[in-house]
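Here is the structure we will look at.
All of the numbers you see were taken from the coordinates with simple rules; none came from a lab. None of the values given here were measured: they were computed from a predicted structure. Methodologically, a virtual Cβ is constructed for each residue, glycine included, from the backbone with ideal geometry; neighbour enumeration extends over all protein chains shown.
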Amino acid sequence: MPELPEVETMVRGIRSAVEGKRIVEFRRAPCRCRTISLKPGLATIRRRCEGQTVVGVRRRAKKIILELASGEAFVIEPRMTGLMLVANPPDTAHLRFEWRLAERNKTRSLWFWDQRGLGTVRLLDAGQLADVLGDGRLGPDALAISGQEWQSRLKATARPVKVALLDQKLVAGIGNLYASEILHLAQINPRRRANRLTAAEIARMARAVVAVLEEAIRCEGSTLSDGTYRNALNEEGGYQNAHRVYDRANQACPTCGHPEIRRIVQAQRSTFFCPACQK
DNA sequence: CATATGTCCTGAGAGC
DNA sequence: TGCTCTCAGGACATAT
């Protein structure tokens with residue numbers, strides 16, 4: 001489930017193959033699943049992007065942005081199972097889109113692969129980009145939010161802190177897996193109401209956010225037991241080996257030794273925590 | 001306004 | 001064995 005660390009890993013992994021390259025062709029890949037809808041349509045996208053140079057590759061929240069010379073940009077959301085690849089994909093059955101990029105006297109392909117097909121690919125103009133990526137839609141990036149912002153934003157909601165961390169308008173980039181890991185490291189119970197946290201707890205959580213996400217980026221993300229997440233070269237991530245609570249219900253807590261990590265459901269999502277060391 | 005719930009999608013695994 | 005059912009959770013639409 002690509003969250004901030006996985007998306008950041010994809011961006012870093014495709015950058016050198018994509019930046020400064022001219023798009024020769026954009027097309028749907030042969031795929032035996034239902035087709036993913038494109039915005040705008042395929043013909044319009046082709047007319048607007050083919051021949052253009054990709055001037056930059058960056059991440060905003062969990063989105064990948066391929067900036068074109070014209071000021072337009074592709075915005076790609078991997079959501080649950082989407083991958084950006086510059087190497088052979090896990091399989092060809094779930095390849096969705098291909099960008100063919102000019103490279104000296106040949107071409108090189110950038111692929112969007114997506115098993116479940118919930119991902120999206122859009123080509124947006126400058127105005128649409130400002131809307132989709134702007135402050136009205138997304139909060140500050142989880143790796144670039146100040147202590148002051150954490151305090152004021154968490155004080156503004158009575159939801160459980162775990163649920164608040166998943167709200168992309170409150171803070172952008174954290175998903176279900178890392179929310180549990182962050183609260184575990186910060187030793188905060190996920191059911192605590194956000195506006196009831198003390199200043200010291202919020203400060204501790206803010207440090208945990210950076211610690212967990214940066215370490216996960218160093219490990220190139222988490223490849224869960226379903227194996228879907230891969231980096232741009234189709235290699236597994238490594239952070240799953242560092243998970244302390246996620247998907248470890250009924251196992252012993254690696255932090256305090258309590259015999260049973262718990263799984264609860266909050267906002268229809270699984271939350272994992274240790275009832276002993278997360279008060 | 002804040003918060004809660006339903007929806008999309010595929011493949012894995014459970015249960016009979 | 002082979003079928004049906006449930007579950008996983010990103011972002012967004014709709015409901016309360």
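Which length gain, in nm to one decimal place, applies between A:ARG193 and A:CYS256 when the Cα-Cα distance is subtracted from 0.36 nm times their residue separation?
Separation in residues times 0.36 nm, less the Cα-Cα distance, equals 20.3 nm.
How many nm separate the modelled label positions at A:THR107 and A:ARG46, each set 7 Å beyond the Cα in the direction of the Cβ?
My value for the distance between the label points is 1.1 nm.
Lysine pairs in chain A 8 or more apart or on different chains: how many have alpha carbons under 16 angstrom apart?
Lysine pairs satisfying the spacing and distance rule in chain A number 6.
Using the Karplus curve 6.51 cos²θ - 1.76 cosθ + 1.60 with θ = phi - 60°, what ³J(HN,Hα) values do you get for each residue of segment A:42-52, in whole Hz, with x for Gly and Pro?
Here the 3J(HN,Hα) series is 4, 5, 5, 4, 4, 4, 7, 9, 5, x, 7 Hz.
Compute the projected area of the convex hull of the Cα atoms of segment A:1-51, averaged over all viewing directions, and report it in nm² to one decimal place.
Reported value for the Cα convex hull: 5.1 nm².
With the crude spin-label approximation of a point 7 Å out along Cα→Cβ, what separation in nm comes out for A:ASP141 versus A:ALA249?
3.5
Amide H of A:VAL55: which non-local residues (sequence gap of 5 or more, or other chain) have their own amide H closer than 5 Å, using H built in the peptide plane?
Here A:GLY20, A:GLU67, A:LEU68, A:ALA69 satisfy the definition.
Can you list the residues of segment A:117-139 with backbone N under 16 Å from a point 7 Å past the Cα of A:THR157, pointing along Cα to Cβ?
Hits in segment A:117-139 for A:THR157 at 16 Å: A:135-139.
Using only Cα atoms, what Kirkwood radius does chain A have, in angstroms?
Computed over chain A, the radius equals 19.7 Å.
Counting only DSSP beta bridges with both residues in chain A, tell me the antiparallel percent, nearest 5.
If we restrict to bridges inside chain A, about 95 percent are antiparallel.
Could you work out which residue, out of A:ALA73, A:ALA194, A:ALA252, moves most in a Gaussian network model of chain A, that is, has the largest mean-square fluctuation with Cα springs under 10 Å?
The residue that fluctuates most here is A:ALA252.
Please compute the alpha carbon radius of gyration of segment A:143-213, then divide it by the globular-protein estimate 2.2 N^0.38 Å. Two decimals is fine.
Working it through for segment A:143-213, the quotient is 0.93.
Of A:ASN231, A:ASN250, A:ASN105, which has the largest mean-square fluctuation in a 10 Å C-alpha GNM of chain A?
Looking only at A:ASN231, A:ASN250, A:ASN105, the biggest GNM fluctuation is shown by A:ASN105.
Given H placed 1.01 Å from N in the peptide plane, which residues other than close sequence neighbours of A:GLU25 have an amide H under 5 Å from its amide H?
The list, which skips near neighbours in sequence, is A:ARG100.
Segment A:86-207: Rg/Rh from Cα coordinates, Kirkwood Rh?
Using Cα coordinates only, the ratio equals 1.12.
May I ask you to sort A:LYS62, A:LYS39 by Cβ crowding, counting other Cβ atoms within 10 Å and putting the fewest first?
Result, fewest neighbours first: A:LYS39, A:LYS62.
Expressed as a rounded percentage, what relative contact order does segment A:147-273 have, with Cα pairs under 8 Å and six or more residues apart?
Relative contact order comes out at 22 percent.
Would you kindly work out the equivalent ellipsoid of segment A:169-267 from its C-alpha gyration tensor and give its semi-axes, the square roots of five times the eigenvalues, largest first in whole Å?
Those come to 24, 17, 13 Å.
Pairing rule first: another cysteine's C-beta must sit under 4.7 Å. Under that rule, which cysteines of chain A stay single?
When partners are defined as cysteine Cβ atoms under 4.7 Å apart, chain A leaves A:CYS31, A:CYS33, A:CYS49, A:CYS219 without one.
Over segment A:4-133, how many percent of alpha carbon pairs lie in each 10 Å bin up to the one with the longest distance?
13, 48, 35, 3
Between A:LEU224 and A:GLU149, what is the label-point separation in nm under the 7 Å Cα-to-beta-carbon projection?
Spacing of the two 7 Å Cα→Cβ label points: 2.7 nm.
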